[in-house]
Amino acid sequence: MTTKTIQMTIDSALLEEVDVATQELDLTRSALIRSALTEYLLQIRLRRLERQDREAYLRVPAGDSDTEFW
């Protein structure tokens, strides 16, 4: 995995929380923020897929034969 260094602006209160969490979890700031971003992006992808499923079922509702095995 190639990494890049970025610069970001963060609220001082949030940074304090980040620093507390890094101490508790024995992580670097970068590792904590990478983990948080990875989890957040996963949630976004899952919500997108769930929305697509809902929209698909609204367009083509499941018939009785589709749910017989349940």
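The values are calculated or read from the model by the stated rules, or taken from the named source; none is laboratory data. Everything quoted here is computed from the prediction, not taken from an experiment. Backbone-built Cβ (ideal geometry, glycine too); neighbour counts: all protein chains shown. Side chains included, ligands, DNA and RNA excluded: accessible areas come from the protein's heavy atoms. Shrake-Rupley method; radii C 1.70, N 1.55, O 1.52, S 1.80 Å.
Numbers for the structure displayed
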| read-out | value |
| --- | --- |
| Protein accessible area in the chain, 1.4 Å probe - carbon and sulfur % | 55 |
| Net charge over other residues, Cβ less than 11 angstrom from the Cβ of residue 52 (K, R count +1; D, E count -1) | +3 |
| Summed residue charge, Cβ within 14 Å of residue 40's Cβ, Lys/Arg positive, Asp/Glu negative | +3 |
| 0 to 90° range, to nearest 10: angle between helix 12-25 axis and the chain longest Cα axis | 90 |
| Accessible area per residue in Å² at 1.4 Å probe, computed on the chain | 98 |
| Separation in nanometres of the label points that stand 7 Å from Cα toward Cβ, at residue 27 and residue 10 | 1.0 |
| Cα pair count fraction exceeding 14 Å, expressed as % - the stretch 3-70 | 74 |
